[in-house]
Each structure stands twice: as structure tokens, then as C-alpha cells.
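The values are calculated or read from the model by the stated rules, or taken from the named source; none is laboratory data. Because the structure is a prediction, the values reported are computed rather than measured. Virtual Cβ from ideal backbone geometry, glycine too; neighbours counted across all protein chains shown.
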Amino acid sequence: MPQLVHTNEPLDIQTDSSAKQTLAPKMAEDAVVRLYWICLLCVVLAAFSAIFQSILQPEIIERMMNAPVYLTWSFVLLFTLAIGIIRHLRLLPPMTILNLGLVFEVLVAFAISLAETAVPLCEHGPVLGIPKVALWIAVVGLLIPNRPKTKLAVAFISASMWPLAYALNLNLHGYAAVELKRLLVWIHVPYLMAFVTYALAKRIYVMEAAAQKARDLGSYNLVSLIGSGGMGEVWRAQHRMLARDAAIKLIRSDLLMGKPGYQSDVARKRFKREAQAIASLQSPHTVYLFDFGVSRDGTFYYVMELLDGISLQMLVDKYGPQPASRLVHILRQVCHSLEEAHRRGLVHRDIKPSNIFACKIGIEHDFMKVLDFGLVKNLSPKDSLQLTLEGASAGTPAYMAPELAMGEDGIDGRVDIYALGCVAYFLLTGSPVFTEKTATATALAHVQKEPVPPSQRSEMQIPSRLEQIILRCLAKKAEDRPQTALELESLFADCGAEKWTQEDAAEWWQTYLPESSSYRMARRLRSVEPLSLNEE
């Protein structure tokens, strides 16, 4: 029976009908390179054409290369230099550069049309040939992909540059206008080419989407897109030889294209660091990572195990606060995962209910898995990388230790112990420690306010020793908390709570989440619940 896909990141479910059309990162980067060379080629060909015309047709060169034409081509030259500098220094993301290329497309169309209509059209005889701007629209439409509707709009604007330039030259030189039907013969081809460009752009998008869905990543075939979250996309995949299901996480295309070049590098390095952190951990209570690599189109990915389970966030949201016995059983396992990570110098920094899953693995129920090491901090002096994305913070305000909220240096694993105290509080009461109106106010509350004891916010029986342990985890000063996850695990083991057995867990799962339940069946076909994701 297929397993439920759980990933190490909250997801927003997307369907083909709602998904936004976008270019893959590698495709966008290749398009930027082509755009630069087309810009450069335009300037070189314009200069060559001017020289060639001055030699062969000196009598018309003064008309063709008048002041407006020189000015327009000067703008084209400056635009080309700007595109080259932006591309070389990676100052803007690829999609932004491609959007600037749309302006360049219109500018060149106007320059071509202005030079071509500077010479009066023949008033007699059949109209032969086509405006050069039609060829320009076709070339750009074929070589520089973009969103189809955007390409259609820009192609129409480019086609309209010919009649605009023609009207301008009539006023500048006092030419007699040709009759309307002859003018329509001249200008209909660029507009037809605009529709061709639109058809080409749509076809490119369809082909790219098909290629992404059929893309092979190492030994895995992508089956279907499950969803996307703050940093990655998660696909359901199958090993080609073993017929084993897996979950593959990739860097989201729009994340890479929505940032300047150096920020895209940061995203890739963070993604790689997350994979390396997970791969270095062997605790059975940390999500397993099977593989890591780079696809043929340059996309970073890693392959994770698929888990049949439910996040602690959904557990409380759907089934309410949990008894102390189950809380202790859950958090002792989480302590095992964190202890190994801390001994290896890794601080999770985003421990929260949505990143901890209660799973059914084999015959065991309530087997815990810690997920999402996207904000992991390596305390090793060898790891000096500052991998910070603009406009993002480390951690989630509702589960953020005071020193993390204040941005202090020298944090350690005790920020995870504080966060685990917040998780314990949430499991017992059904609400966060502090419920302020804004994220900033919530973070400040962790610094300034004392928490209300969970026994005062819950109708459930809470052993006094357990409550004291939780409040100790929530101490403002790190030295007043349990100093290690292993120490905290020992405190939980002797807190006076009843034992939560496998029989208890199996009975709960059979009652609330049997394999035949509509909720569990639906989640096998889709993904985890949509939740907010806070990134560094």
C-alpha cells in the first residue's frame, strides 16, 4: 500500500490549473545568455549595415541615419552595455533581466522601423517584401522565452513600432502618405508574426512543463508534484530499479529566479547544507536522507524517506491537547534526535510542532521523526558560511528562544531545548506559550514576559514535576535550562507521568487514524497540511 508523503517542509498544495507558469532556472539562465548575445549582435549588425549602406547607397544614408535614428540606436547600445554588466555581476535574477529584455525588444523594433521608414515608400506598383521588424519579432520570439501572454503583448507593441515610426517620419520629412490599403499590406506581417510568437511561447512552456514532470533525478523518476513550500518543491518519485517510493525535494524555481544572482547562490548553498546536515545524522528519530545530487538541468535535489504519519501541529489542531503520558513518550524521542545533532555541532533553530512527526513505521506507532533542517546552524569553526536570505529570519516567533529573538551571537543547542519546551506547552494546552497579535510582539514576549504555567491553561491533569521541567525549559537565561537534550530526556523519564505504551499508541491510531480512514487515504494522495514556513 502506498505511503503518505511527508516532507521536511510545510507545503502548499498546487494543481496544474493553479500553478503559475514559470521558466526553470537553467532555462532562464540560458535565455539571459542568448539575450546578451542578441543585444550585442544587434549593435554590431546595425553598425555594419550603416557602413555598408554608406558605401553602396550614399544618397540615402543621410535620410536613414538621421538624428532620431542615431539617438535610438545610442539607447540600444547603452541598453546592451547595461545588460552585459548586470549579467556579469549577477545584480538581478534571470527573470528580471529577461523582463528588461522585453524593453530592449521594443526599443530595437522602434530603431529598425525608424531607419526603414526614413526613406519614402513607393507610391506606385505592388508592395514587395516585408518590414524588417517582422523578422526581429520572429527571432526574439524563438530565441528568448518568456511568459506567453507577456510575449504576445510585447510582440504587438513591437509590431506597432512600424506604423509609429512611419507617422513620425512623415512629420519629420514631409513625405506624402501612401494609400491605406498599401499601408495595411506593409504592416500586417509584423502583427501576424506577433501571433506566431505567442504560439511559439506557449509551445515552449508546454514542452518545459512536460520535461520537468518527466525529468529523471539520479535513479528516481518523478511521478507527480505534491506541493511546494518556502524553499523547495516536493515530488512523489519512484526508484527505477527497486520500485521504491520516495519524496524528492528540489529548490523551487521561482525562489531562484526571484532573487539576485548571489542570493540564488545562497539558496543553493543552504539547500546543500541542509542535505549534508540530515545525511550526517543517524538517529532513527531524524528523517532519513537517501541521496543528494544535481539534475541534468542544474536543479539541486535530495531524496528522503516517505513517512506515514501526522505532524504534532495537525495532531493538536485536529484532536486537541494530548495527555501528559503521550507528550513524554513523544518528546523523549525528539530529545534523542536533538542530542545527536547537538553533539555534532548542529543547532536545528526551527523546532516546532509542524517539524515533528508522529509516524507509523512497521509495527510501531507514535514513532517520532524530526524534519526540516533548513535553518540548521553548524557551530564548527570550519563552517563560517553566512547563508542568509534577504527578508527572512532564523526560526519561528512562537517557538523562538530569547537569545535567538534578540539576534545574539554564540547560540547553542539550548535554543532547541527552549523551543522543545514551547512544543510541550502547545501539546498540553493546545495553544502557544504567548499569543500576541504580531510576530514581532510574540518574539519580544519570549524575551520579556513570564509564561503562564500550563496547568492554568489546561483542564487536563499535568504532573507538577512535568510542569516544572517545561517551565525550566522556558527559562529566559540559557544557563537556567536543562543544558543538554540528554539531560532533558532523563528529566522527562522521571517526571511522574504515566507510561504511554505501544498498546496505547496502536489503540489511538486504530480509533482516530486507521488506514481505512478518509483523512488518511486522502493524505496518501496529497501531502501534508499547508503551514507557514519561516526561513533564515
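Given the structure, is Leu331 modelled with pLDDT of 90 or more, touching a helix residue (DSSP H, G or I) at 6+ places or on another chain (Cβ under 7 Å), of a type outside the set (S, T, N, Q) and part of a helix (DSSP H, G or I)?
Working: modelled with pLDDT of 90 or more: yes; touching a helix residue (DSSP H, G or I) at 6+ places or on another chain (Cβ under 7 Å): yes; of a type outside the set (S, T, N, Q): yes; part of a helix (DSSP H, G or I): yes.
Spelling it out, Leu331 is indeed modelled with pLDDT of 90 or more, touching a helix residue (DSSP H, G or I) at 6+ places or on another chain (Cβ under 7 Å), of a type outside the set (S, T, N, Q) and part of a helix (DSSP H, G or I).
Is it fair to say Ala443 is surrounded by 15 or more Cβ atoms within 10 Å (Cβ to Cβ) and assigned to a loop (DSSP other than H, G, I, E, B)?
Numbers: surrounded by 15 or more Cβ atoms within 10 Å (Cβ to Cβ): yes; assigned to a loop (DSSP other than H, G, I, E, B): no.
The answer is no for Ala443.
Please list, ordered by first then second residue, the pairs with beta carbon atoms under 7 Å, 6 or more apart or interchain, first in region 170-187 and surrounded by 10 or more Cβ atoms within 10 Å (Cβ to Cβ), second of a type in the set (A, V, I, L, M, F, W, C) and part of a helix (DSSP H, G or I).
Pairs that qualify, where the first residue is surrounded by 10 or more Cβ atoms within 10 Å (Cβ to Cβ) and the partner is of a type in the set (A, V, I, L, M, F, W, C) and part of a helix (DSSP H, G or I), are Ala177/Leu170; Ile187/Trp162.
Inside region 459-493, can you point out the residues that are farther than 12 Å from Arg414 by Cβ and part of a loop (DSSP other than H, G, I, E, B)? Full working, then the answer.
So in region 459-493, the residues farther than 12 Å from Arg414 by Cβ come out as 459-471, 486, 489-493.
Across region 459-493, the qualifying residues are Glu459, Met460, Gln461, Ile462, Pro463.
Got a sec? Which of Glu536, Glu489 is surrounded by 15 or more Cβ atoms within 10 Å (Cβ to Cβ), modelled with pLDDT under 75 and under 27 Å from Ala443 (Cα atoms)?
Glu536
Considering only residues that are assigned to a loop (DSSP other than H, G, I, E, B) and surrounded by 20 or more Cβ atoms within 10 Å (Cβ to Cβ), look in region 353-375 and name the one that is modelled with the lowest pLDDT.
Restricting attention to region 353-375, the residues satisfying the condition of being assigned to a loop (DSSP other than H, G, I, E, B) are 362-363, 371-375.
Now drop any that are not surrounded by 20 or more Cβ atoms within 10 Å (Cβ to Cβ), which leaves 371-375.
On the way: Leu371: 85, Asp372: 79, Phe373: 78, Gly374: 71, Leu375: 76.
Only one residue fits best here, namely Gly374.
Scan region 404-446 for residues that are in contact (Cβ under 8 Å) with a residue 40 or more places away in the chain and either among the acidic types (Asp, Glu) or not assigned by TED's automatic domain parsing to the domain that holds Arg349 (or both) and jot them down. Spell out how you get there, then give the answer.
Our first condition is that a residue be in contact (Cβ under 8 Å) with a residue 40 or more places away in the chain; within region 404-446, this holds for 404-406, 411-430, 433, 439-440, 442-443, 446.
Asp412, Asp416, listed by residue number.
How many of the residues in region 321-340 are of a type outside the set (A, V, I, L, M, F, W, C) and under 32 Å from the mean Cα position of the chain (by Cα)? Explain how you work it out, then say what you get.
To start, the set of residues in region 321-340 that are of a type outside the set (A, V, I, L, M, F, W, C) comprises 321-323, 325-326, 329, 332-333, 336-337, 339-340.
Retained after the next criterion (residues that are under 32 Å from the mean Cα position of the chain (by Cα)): 333, 336-337, 339-340.
Total meeting the criteria: 5.
Among the numbered criteria (1) at pLDDT below 80; (2) in the same structural domain as Ser113 (by TED's automatic domain parsing), which one does Leu184 miss?
The number of the failed condition is (1).
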